[in-house]
Amino acid sequence: MNEAKKLVENITEGIQEKKGHGIVVADMTGVEGAICRYFVICQGNSPMQVEAISESVSDTVRERLGEKPVKVVGLTHAQWVAMDYSDVIVHVFLPETRAYYNLEGLWEDARLTRLPDLD
């Protein structure tokens, strides 16, 4: 498994650990001008959950792969947190913010994989 896919796998496990839902992995490798190889998009139900999901992703990736994000923005208001892992960018949204920005529609050329929610 290549490094970016391994990173995506660990990111999604970190999201699921805190009951993040609506997980979509956007494969950007075939998109001309894309800024990364993958987007991982998900949501939490409250700012507190968005923050917890972001922390879980960071902890999971650091503990398992020894990697830290290059940059994390959005934790102040926790409506949309973006975590930049260079090849993979993680977006953790509140539902209304996710609907407004509609990243899945914006990057419609990407191959989208929707992961089932865990109960």
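The values are calculated or read from the model by the stated rules, or taken from the named source; none is laboratory data. These numbers come from a predicted model, not from an experiment. As a convention, Cβ positions derive from the backbone with ideal geometry for all residues, glycine included, and neighbour counts pool all protein chains shown. The area values use the complete protein model at the heavy-atom level, side chains included, leaving out ligands, DNA and RNA. Shrake-Rupley method; radii C 1.70, N 1.55, O 1.52, S 1.80 Å.
Data overview
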{"read-out": "Test for GLY105: is it outside any helix (DSSP H, G or I) and modelled with pLDDT under 95", "value": "no"}
{"read-out": "Those residues of the stretch 100-119 which are farther than 21 Å from GLU9 by Cα, exposed (fewer than 12 other Cβ atoms within 10 Å of the Cβ) and under 15 Å from the mean Cα position of the chain (by Cα), in sequence order", "value": "ASN102"}
{"read-out": "Test: VAL81 is among the hydrophobic types (A, V, I, L, M, F, W, C) and open to solvent by 60 Å² or more (accessible area, probe 1.4 Å)", "value": "no"}
{"read-out": "Search result, residues across the stretch 84-99 that are touching a residue at least 60 places away in the same chain (Cβ under 8 Å) and open to solvent by 50 Å² or more (accessible area, probe 1.4 Å)", "value": "ASP87"}
{"read-out": "Residue within the stretch 92-102 that is within 15 Å of ALA4 (Cα to Cα) and of a type in the set (D, E, K, R) present", "value": "no"}
{"read-out": "Selection count, the stretch 62-95, where residues are more than 12 Å from the chain's Cα centre (by Cα), on the phi < 0 side of the Ramachandran plot and not charged (D, E, K, R)", "value": "9"}
{"read-out": "Condition broken by ALA34, with the remaining ones in (1) touching a residue at least 60 places away in the same chain (Cβ under 8 Å); (2) within 14 Å of the chain's Cα centre (by Cα) satisfied", "value": "(2)"}
{"read-out": "Residue in the stretch 23-40 that is of a type outside the set (S, T, N, Q), more than 23 Å from LEU112 (Cα to Cα) and touching a helix residue (DSSP H, G or I) at 6+ places or on another chain (Cβ under 8 Å) present", "value": "no"}
{"read-out": "Residues within the stretch 100-119 that are within 16 Å of GLN49 (Cα to Cα) and either free of Cβ contacts under 8 Å to residues at least 40 places away in the same chain or in contact with a Lys or Arg (Cβ under 6 Å, 6 or more places away or on another chain) (or both), tallied", "value": "1"}
